[in-house]
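Novice: For reference, the structure I am asking about is given below.
Please treat every number below as a calculation from the coordinates, not as lab data. Since this is a predicted model, take the numbers as computed values, not measurements. Here the Cβ positions follow ideal geometry from the backbone for every residue, glycine too, while neighbour counts run over all protein chains shown.
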Amino acid sequence: MCGIVGVLGKHEAAPLLVEALKRLEYRGYDSAGIATVNDGKLDRRRAIGKLVNLSDLLVHNPLAGKSGIGHTRWATHGAPSVKNAHPHQAGDVTVVHNGIIENFMELRAELNNNKIKCETDTDTEVVALLAKYYLSQGLSPAESVKKTISRLSGAFALAFLFDGEDDLMLVARRGSPLAIGHGDGEVYIGSDAIAMAHLTSKITYLDEGDFAQLSRKNIQIEDRNGTIVNREEKNIDVSSIAIDKAGYKHFMAKEIAEQPLTLAKTIKNYLDEDAEQIRLPKNDIKLANIDCLTMVACGTAFYAALTAKYWFEKIARIKVEVDVASEFRYREPPVTKETTAIFVSQSGETADTLAALRYMSSQNAKIISVVNVPESSIARESDLVLPLYVGPEIGVASTKAFTAQLTVLALLALKIAKTKNVITEAQYCIYLEELKVIPELINQTLSIESNIQKIAAELVSSQDVIFLGRGAMYPLAMEGALKLKEISYIHAEGYPSGELKHGPIALIDKNVPVVVIAPMDSLFDKSVSNMQEVMARSGKILLISCLKGLDKASQGTWATIVMPTIPEFIAPIIYAVPMQLLAYHTALAKGTDADQPRNLAKSVTVE
Ligand code: M6R
């Protein structure tokens with residue numbers, strides 16, 4: 001999604017802005033631009049494609065000035081082009097925007113009626129034009145911006161600079177995140193703290209509806225009612241948001257490889273000192289009273305929720321409904337008094353998930369969120385926040401966040417089961433011990449990477465790939481397919497193994513690889529039967545199982561991946577790793593950009 005940065009500084013702004021934008025590259029974008037005020041004069045540079053194009057442009061056509069704003073644009077309204085790239089400028093105003101102005105057509109018509117023409121295809125341009133119009137009516141910059149945002153519907157984080165104003169930046173947020181960074185006689189803004197980590201560790205997160213006037217010496221924040229407020233300044237551990245590849249070719253490779261460490265950290269944070277009991281952050285949710293759960297998420301986080309349904313139902317004996325946020329939010333499902341809802345989101349900013357959360361909040365449901373960014377909107381609007389503790393995830397394809405979401409949800413299911421007294425102490429202890437060996441089992445699984453690389457070298461020539469799984473492996477089949485399609489652009493679908501014969505089996509021929517995820521669990525024999533049905537139709541099987549499973553069933557398969565022996569409870573977490581490696585090595589073999597795949601954004605802050 002679009003990224004916003006800004007600086008009112010003591011040094012040249014352009015290099016700082018480009019560095020800040022680099023730190024937001026992971027969000028996904030297709031053009032970039034910056035604007036500065038130099039000796040009172042606004043100027044801007046914009047380029048399509050990667051940031052290197054903007055940097056090249058700045059070498060040939062530098063931009064001076066110590067006050068500036070910058071933007072990476074993920075196109076929503078209008079193709080990626082220089083004309084549509086931000087900052088947008090109208091007269092004495094320039095603006096960068098993250099979000100969508102939903103009523104831009106009406107505003108555009110109104111401007112047209114006043115003989116004010118739009119020159120771009122974007123929704124954002126109306127913001128600049130409205131601000132310019134209000135300035136021309138004699139309003140001050142702050143009054144113009146306030147008047148402008150009062151006219152907007154939709155979601156936005158906005159930052160404005162003005163001609164003639166070297167020491168003024170105006171910012172506002174509604175629906176999209178925005179943070180202010182504090183320097184020594186300097187002030188910064190960014191879509192997140194990562195953007196400013198090279199400049200400061202002192203961060204203030206703006207609240208929903210906030211408007212702020214920034215100068216080098218003073219920051220004034222008003223809440224949605226126009227009341228001047230103090231927002232907490234936090235000291236963010238900059239080392240924890242260091243973003244380097246640590247020698248790996250891609251962030252995705254690094255994030256896959258660091259899972260033994262990240263998950264050890266996640267688990268440690270949820271266990272008491274003796275590592276005997278599961279400890280949750282302080283909250284007033286009565287776990288013993290929960291007898292049904294609504295889980296809502298998008299993409300990979302949705303598959304984590306779908307997997308957790310198996311644990312909540314089987315272990316904690318709780319009824320669970322799981323839905324994708326973009327559908328859930330418009331259904332207006334009835335909510336009973338005792339409903340508890342769980343929202344799963346790596347970024348904590350996904351627009352649909354946030355909207356679904358707000359719907360459930362408005363219905364007085366108790367809100368639990370499983371998030372990786374504790375300062376995110378979803379975290380801030382929850383009754384109980386369960387953090388992942390895995391550090392920033394930069395690769396667009398979610399990997400370490402997924403396994404941590406699963407781990408946290410497994411811990412929660414176990415905690416609720418214990419609180420509700422629906423499992424024996426002995427069974428509880430067995431499950432807890434199984435959770436503790438996750439890091440070691442992931443370590444073992446990572447050692448099979450070279451085998452997976454060889455399989456990927458063949459898989460890369462496929463046009464379609466089918467993933468099959470049963471029980472808790474079914475969501476993983478969909479996650480495996482999502483990983484493959486998003487970074488290698490190969491069409492892939494995940495199905496429940498038993499469902500194949502109800503239609504998709506028609507797709508099977510010798511050219512369609514079928515990935516069968518079949519740990520030696522209670523459903524193994526059923527999975528193997530479904531695999532045989534595929535093989536009987538010349539299907540090309542990649543079987544993923546442990547040695548015992550492969551001994552029993554690998555005859556006639558095209559390829560195999562040998563997994564360690566894994567307890568059934570935690571199998572989805574460990575079996576996620578070969579899905580990630582398979583997608584990653586297929587993308588490498590194909591030469592696609594695994595970290596920033598085409599058309600995708602890391603954090604989807606538009607509907
Ligand atoms: O930040 P979130 O977890 O809410 O993001 C949800 C999805 O956009 C995300 O999981 C997406 O599907 C990933 N690209 C998957 O790898």
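Novice: With every atom except the alpha carbons ignored, what do you get for Rg and Dmax of region 166-264, in angstroms?
Specialist: According to the Cα coordinates of region 166-264, Rg and Dmax are 16.6, 49 Å.
Novice: Which whole-number percent gives the relative contact order of the chain, counting Cα pairs below 8 Å spaced six or more residues apart?
Specialist: Details: 1369 pairs, mean separation 70.7, N = 607.
It rounds to 12 percent for the chain.
Novice: Mind checking the dipole of region 141-209: about its Cα centre, +1 per Lys or Arg Cβ, -1 per Asp or Glu Cβ, Debye to the nearest 20? Please report the intermediate quantities before stating the final value.
Specialist: Numbers: 6 positive and 10 negative charges, 87 e Å.
About 420 debye.
Novice: Could you list Trp74, Trp311, Trp558 so that the one with the fewest beta carbons within 10 Å of its beta carbon is first and the one with the most is last?
Specialist: Details: Trp74 22, Trp311 25, Trp558 16.
Fewest to most other Cβ atoms nearby, the residues stand as Trp558, Trp74, Trp311.
Novice: Tell me which of Phe160, Ile219, Leu306 sits at the most positive position along the dipole axis of the chain, charges placed on C-beta atoms (Lys, Arg +1; Asp, Glu -1).
Specialist: Leu306
Novice: Next question, about the same structure. Using Stokes-Einstein with the Kirkwood hydrodynamic radius over Cα pairs, what translational diffusion coefficient do you get for region 506-599 at 37 °C and a viscosity of 0.692 mPa s, in µm²/s rounded to a whole number?
Specialist: On the way: Rh = 14.4 Å.
Translational D for this selection: 228 µm²/s.
Novice: Specify, per residue and in Å³, the volume enclosed by the convex hull of the alpha carbon atoms belonging to region 38-92.
Specialist: Details: hull volume 4.9 nm³, N = 55.
Taking only Cα atoms, region 38-92 has a hull volume of 89 Å³ per residue.
Novice: Percentage of Cα-Cα pair distances in region 459-555 greater than 24 Å, rounded to whole percent?
Specialist: On the way: 601 of 4656 pairs.
Looking at region 459-555, the distances longer than 24 Å represent 13 percent of pairs.
Novice: Quick one: angle between helix 51-60 and the longest Cα principal axis of the chain, in degrees between 0 and 90, rounded to 10, please.
Specialist: The two axes meet at around 30 degrees.
Novice: If Lys and Arg each add +1 and Asp and Glu each add -1, what is the summed charge of the other residues whose beta carbon sits under 13 Å from the beta carbon of Ala90?
Specialist: Details: positive: Arg44, Arg108, Lys117, Lys132; negative: Asp92, Glu119, Glu125, Asp163.
Surrounding charge for Ala90 is 0.
Novice: Counting pairwise Cα distances across region 159-216, what percent come out greater than 13 angstrom? Don't skip to the end; give the middle numbers.
Specialist: Numbers: 951 of 1653 pairs.
Every Cα pair in region 159-216 considered, those over 13 Å come to 58 percent.
Novice: What does the charge count around Leu199 come to, taking other residues whose C-beta lies under 12 Å from its C-beta (Lys +1, Arg +1, Asp -1, Glu -1)? Let's see the in-between values first.
Specialist: Values: positive: Lys10, Arg23, Lys202; negative: Glu19, Asp184, Glu186.
Summing Lys/Arg as +1 and Asp/Glu as -1 gives 0.
Novice: Could you give me the radius of gyration and the Dmax of region 212-312, taking only the C-alpha atoms into account and expressing both in angstrom?
Specialist: 20.7, 54
Novice: Which of Cys298, Cys2 has the fewest other C-beta atoms within 10 Å, and how do the rest follow up to the most? Write out the running numbers ahead of the final one.
Specialist: Working: Cys298 23, Cys2 29.
Result, fewest neighbours first: Cys298, Cys2.
Novice: With contacts defined as alpha carbon pairs under 8 Å and 6 or more residues apart, what's the relative contact order of region 340-435 in percent? All intermediate terms of the calculation are to be shown ahead of the outcome.
Specialist: Working: 124 pairs, mean separation 20.1, N = 96.
Worked out over region 340-435, it gives 21 percent.
Novice: What size of dipole, in debye to the nearest 20, comes out for region 206-328 about its Cα centre when the only charges are +1 on Lys and Arg C-beta atoms and -1 on Asp and Glu C-beta atoms? Don't skip to the answer; put the middle values down first.
Specialist: On the way: 17 positive and 21 negative charges, 70 e Å.
That gives region 206-328 a dipole magnitude of about 340 debye.
Novice: Using θ = phi - 60° and the Karplus relation 6.51 cos²θ - 1.76 cosθ + 1.60, list the HN-Hα couplings for region 287-295 in order, rounded to whole Hz, with x at every Gly or Pro.
Specialist: Rounded to whole hertz, the list is 4, 5, 8, 6, 10, 8, 10, 10, 10.
Novice: Another one. Can you pull the percent of Cα pairs in region 337-401 with separation above 15 Å?
Specialist: Values: 960 of 2080 pairs.
Everything past 15 Å amounts to 46 percent.
Novice: A further question follows. Roughly how many debye, to the nearest 20, is the charge dipole of the chain about its Cα centre, given +1 on each Lys and Arg Cβ, -1 on each Asp and Glu Cβ, and no other charges?
Specialist: On the way: 64 positive and 72 negative charges, 121 e Å.
My answer is approximately 580 debye.
Novice: While we're here: According to the Kirkwood expression over distinct Cα-Cα pairs, how big is the hydrodynamic radius of region 1-41, in Å?
Specialist: Working: mean 1/r = 0.0897 Å⁻¹.
It is 11.1 Å.
Novice: With Cβ to Cβ distances under 13 Å as the rule, what net charge do the other residues near Thr262 carry (K, R +1; D, E -1)? Show your work: numbers first, answer last.
Specialist: Values: positive: Lys254, Lys265, Lys268, Lys400; negative: Glu255, Glu258, Glu393.
Residues close to Thr262 contribute a combined charge of +1.
Novice: Further question on the same structure: Against the globular-protein guess of 2.2 N^0.38 Å, express the Cα radius of gyration of the chain as a ratio, rounded to two decimals.
Specialist: Numbers: Rg = 25.4 Å, N = 607, 2.2 N^0.38 = 25.1 Å.
Normalised Rg, Cα atoms only: 1.01.
Novice: Region 20-48 to region 378-414: how many Å between their Cα centroids?
Specialist: One Cα centre to the other: 31 Å.
Novice: Have a look at Ala13, Ser376, Gly539 and report the one farthest towards the positive end of the charge dipole of the chain, computed about the Cα centre with Cβ charges (Lys/Arg +1, Asp/Glu -1).
Specialist: Among Ala13, Ser376, Gly539, the one farthest towards the positive end of the dipole of the chain is Gly539.
Novice: Could you state the angle between the C-alpha long axis of helix 299-314 and the longest principal axis of the C-alpha atoms of the chain, as a value from 0 to 90 degrees rounded to the nearest 10?
Specialist: Roughly 40 degrees, rounded to the nearest 10.
Novice: Then there's this: Using the number of other C-beta atoms within 10 angstrom as an exposure proxy, rank Arg45, Arg173, Arg331 with the fewest first.
Specialist: Details: Arg45 23, Arg173 27, Arg331 10.
Ascending number of Cβ neighbours within 10 Å: Arg331, Arg45, Arg173.
Novice: Could you tell me which chymotrypsin sites (Phe, Trp or Tyr not before Pro) in region 114-223 are loop residues by DSSP with no more than 16 other beta carbons within 10 angstrom of their beta carbon?
Specialist: Values: sites: Tyr133, Tyr134, Phe156, Phe160, Phe162, Tyr188, Tyr205, Phe211; in loops: none.
Answer in residue order: no site qualifies.
Novice: Along the three principal axes, how long is region 1-84 when you take its alpha carbons, biggest first, rounded to the nearest angstrom?
Specialist: Here the spans come out as 33, 22, 21 Å, largest first.
Novice: Output the 0 to 90 degree angle, nearest 10, between the alpha-carbon long axis of helix 259-269 and the longest principal axis computed from the alpha carbons of the chain.
Specialist: Taking the Cα atoms of the chain, the angle to 259-269 is about 80 degrees.
Novice: Apply the Karplus curve 6.51 cos²θ - 1.76 cosθ + 1.60, θ = phi - 60°, to the phi angles in region 122-131 and return the couplings in whole Hz, x for Gly and Pro.
Specialist: 8, 7, 5, 4, 4, 5, 5, 5, 5, 4
Novice: What per residue convex hull volume, in Å³, comes out for region 15-170 when only alpha-carbon positions are used? Let's see the in-between values first.
Specialist: Details: hull volume 15.6 nm³, N = 156.
Value for region 15-170: 100 Å³ per residue.
Novice: Report, to two decimal places, the Cα Rg of region 324-474 normalised by 2.2 N^0.38 Å (N = number of residues).
Specialist: Working: Rg = 18.6 Å, N = 151, 2.2 N^0.38 = 14.8 Å.
Output field value: 1.26.
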